[in-house]
Amino acid sequence: MVIKDNLEPRVRLPADALRCMVQCVEIALLVGLGLLAHATVKGIEQNVVGASQLAERKLLSGLLGLIGDVAHIALLLLPLALAVLLLVHRQARRLTEAVGTGGVAVAVVAIVNWLLRQPAASQLYGALTLSDSHARVPVLDGYLAGLAAYVTVIGLSGRRRWRTAYWTALGFYLLASLANPKNAHVTLLSLLITLLIGSAIGSGLRYAFGSASGRPTAAEIAAALSTVDAPVTAMRRIADARTETRRYAATVQGGAQRDVTVFDRDQQAADALYRLYRRIRLKAQVSRRGPLTVEGAVERRALLTYAVEDAGVGTPRLRALIRVGPEAAVLANEHTDGATLAELDGQLNDDQLRRVWDAVLRLHRHRVTHRKLTADHILFTRPGGDPGGDPGGDRQGQVLLLEPGDGDVAASDLQLRLDRVQLLAEMALAVGPDRAGDLAAEKLSSDELAAMVPLLQPVALHRTTRMALRHRKDILPGLRKRLLGTAQESEAPPVQLERIRPRTLITLVAGVVAAYILIGQLSTASLSTVLHEADPSWVILLVALSALTYVGATFELTGFVLERLSFARTMLAQIAGSFVTLVTPAAVGGVALNIRYLRKAGVSPADAGSSVGVSQVIAFGLHLLMLIIFAAFTRNARAHSLRPPNWVWIALATLAVVVLIVLAIPAGRRLLRSRLAPALSQVIPRLLDIAQRPAKLAVGIGGALLLTVAYIFGLEASVLAFGGSVALTSVAVVYLTGSAIGSAVPTPGGIGAVEAALSAGLTAAGMPGAKAIGAVLLFRLVTFWLPVP
């Protein structure tokens, strides 16, 4: 038997990395719990300790102390016994690594204990020790952390009795530590953090340096396959960076070849975090749950292979499925000569691509999907199995779908469409969107094509396809345009594939921070206090100015739309926009609503988008120009000079450096060009059309100026309502800066960020802090919250 293997003597286990990350997150959560819920944690700790000490008094005299002594002795003897076990099995290197890792854990805990005794960590120290005094008592148990790291490196998997003894002794040790009045500084929180620190260090170092491989060798796999298939005469390892599974090319007696895939137990956690991320982000039918066990992986691969064969679709026949020891399972498929779609780059003909569609549609008629239809999983066989045949010229070779283990049986309509979209995108990468779209139109009805267009999203595609599309950004837009055309595409209803979007998550987190800031301001000046202390005459003026902003917004939109719009309906749309900003970021909701309003008013999609884009560009330019002018006036007015804090200049300098770096790098310039070119291609022609009608341009610019000036005078009225004496130019700078910050922050309506920025600006301009907060709350109450009801 000829064996060519390249089995690594030491491997990094993905499960160790996953375990380390999870434990670090748990430590962070426990620390956060101690800091944010100090009183609650302290109450729980006191109840636990009190119950433990009560149990000590109720039990027979000295029983709990005896149990604690036995637990201490057991935890001292356990590492010695494990050391003897490793030496007996000639695993001295693992023992050395375990001892070294335990020492690292002890050193880390010593450093953490020193840090916790510093004045800056007094709050966390109090939460961990139930003590408000800053005593010189170590919080964390170094020996316990070292023991946890030591046991983690050795590993108790498969040693059930040792694992039971360890956890039993550990449980009694924790109970005795909590019940002992002499250990008043020991708490449940500190013990849990200690154990997690030790386990995290053990898992992290074990992953960093690797551990001894327990995987079966190629010879062992060949011997196992020979018992269920023809005797194996040769086996050769195949390097494949696309997957974590091992692959071999085997030759059996008689000359037939087998493709052997080995599922090692220690690799099943690979990409677990990525799969979890996709599972959380996407809907269940879009993201498949990857099996974390060897049994689940091989059973799913076998089930899908049999389902594809039953559907009459070509796939390499499964010849053997066998366990090799306790740590691996092996699949052996018949080897078929041919070339994959990726290998035939530039040599594909339409007949070959039609046969691919025929095979996939035949599979779908049996409600089975593949879900991995990438270019390297579609094989064109050579005629007659001739290894010297020309695959590019083959018109009779069969199409085989390789590795169908990620597919679905009893698939839903959405899963079938996702499979077709994946195939369409992969073909477009190979032959271009026009040719791929024409072939899809031959095989699918117009209704089926229309249903696929909304699914042409990167998030719905396989990982390798998404990576390829990053370099071919014209593929998906080209497919959409080819299938339905530009006008129909704009009306195609989108399909929501994601449970939660990263942008939504960022908005949610920013909203929580904003609520925290807003609650802090309300604790300084409540709304009842604001309404009671504000001068009613200035409040009435503020309400009138707030109403005037909708007139300005109406003129701004109508001025940049060549078509005739109803003034009343346009103003109602602007009022509706104030409600939309309660649930969307300030710079997003109003724009989307205006585009939708223009579409309903009969404006074409392209003109609606370009008109709103022109209004946004002009408004931004006027906003920046007014900020520069008022800032110059503020600097010249020495009595009312608004001096920004030093960090503002540092932030501006940093931003300028970042912009210069991006412009200096070719990739940065290409990125900016790709982002700005589509928008400018729509905005500039529309702006030139409006420039030829000076009356329209004057109405648009005048509306934008009226909108901004009304808000500036509104903030000035709020200041005067509380008896403030801030110069109008300073108020203008404060408003323009706060509005810009609110548009950049991804919170609904800029909540939190606008209030904080305006309050800080008015305070910097010389207004007392409490009155500044009151003025800002009054301003936001009238201009942001009052229009809603």
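For a protection proxy built on the mean count of beta-carbon atoms within 10 angstrom, sort 566-579, 429-442 highest first, please. Don't skip to the end; give the middle numbers.
Values: 566-579: 16.4, 429-442: 18.3.
Packing order, densest peptide first, comes out as 429-442, 566-579.
Apply 1/(1 + (r/R0)^6) to the Cβ-Cβ distance of ARG117 and ARG279, taking R0 = 41 Å, and write down the FRET efficiency to the nearest 0.05. Walk me through the numbers on the way to the answer.
Values: r = 42 Å, r/R0 = 1.03.
After rounding, the FRET efficiency stands at 0.45.
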Practice problem: Grab the beta carbon distance between ALA81 and ARG323, set R0 = 35 Å, and tell me the FRET efficiency rounded to 0.05. | Solution: 0.65
Exercise. Sort the following peptides by mean Cβ neighbour count (other Cβ atoms within 10 Å, averaged over residues), highest first: 605-615, 402-412, 462-472.
Key: 605-615, 402-412, 462-472
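If I stretch the segment between HIS89 and TYR306 completely, what's the gain in nm (0.36 nm per residue apart, minus their alpha carbon distance), one decimal?
Working: separation 217, 0.36 × 217 = 78.12 nm, distance 4.29 nm.
Residue separation times 0.36 nm, minus the Cα-Cα distance, leaves 73.8 nm.
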Exercise. Leaving out ligands and nucleic acids, note down the accessible area per residue over the stretch 285-372 with a 1.4 angstrom probe, in whole Å².
Key: 43
Practice problem: Please work out the Cα center distance from the stretch 1-34 to the stretch 718-785, rounded to the nearest Å. | Solution: 50
Self-check item: Ordering of 137-150, 205-218, 81-94, 756-769 by packing [mean C-beta count within 10 Å, highest first]
Solution: 137-150, 756-769, 205-218, 81-94
Self-check item: Of LYS372/LYS443; LYS600/LYS696; LYS481/LYS696; LYS473/LYS600, those spanning more than 27 Å from alpha-carbon to alpha-carbon
Solution: LYS481/LYS696; LYS473/LYS600
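Could you give the accessible area per residue of the stretch 686-789, probe 1.4 Å, as a whole number in Å²?
On the way: 3630 Å² over 104 residues.
Accessible area per residue: 35 Å².
The values are calculated or read from the model by the stated rules, or taken from the named source; none is laboratory data. Values in this document were obtained by computation on a predicted structure and should not be read as measured data. All Cβ positions, even for glycine, are placed from backbone atoms using ideal geometry, and neighbour counts span all protein chains on display. Protein only, heavy atoms only, side chains kept; ligands, DNA and RNA dropped before computing areas. Shrake-Rupley method; radii C 1.70, N 1.55, O 1.52, S 1.80 Å.
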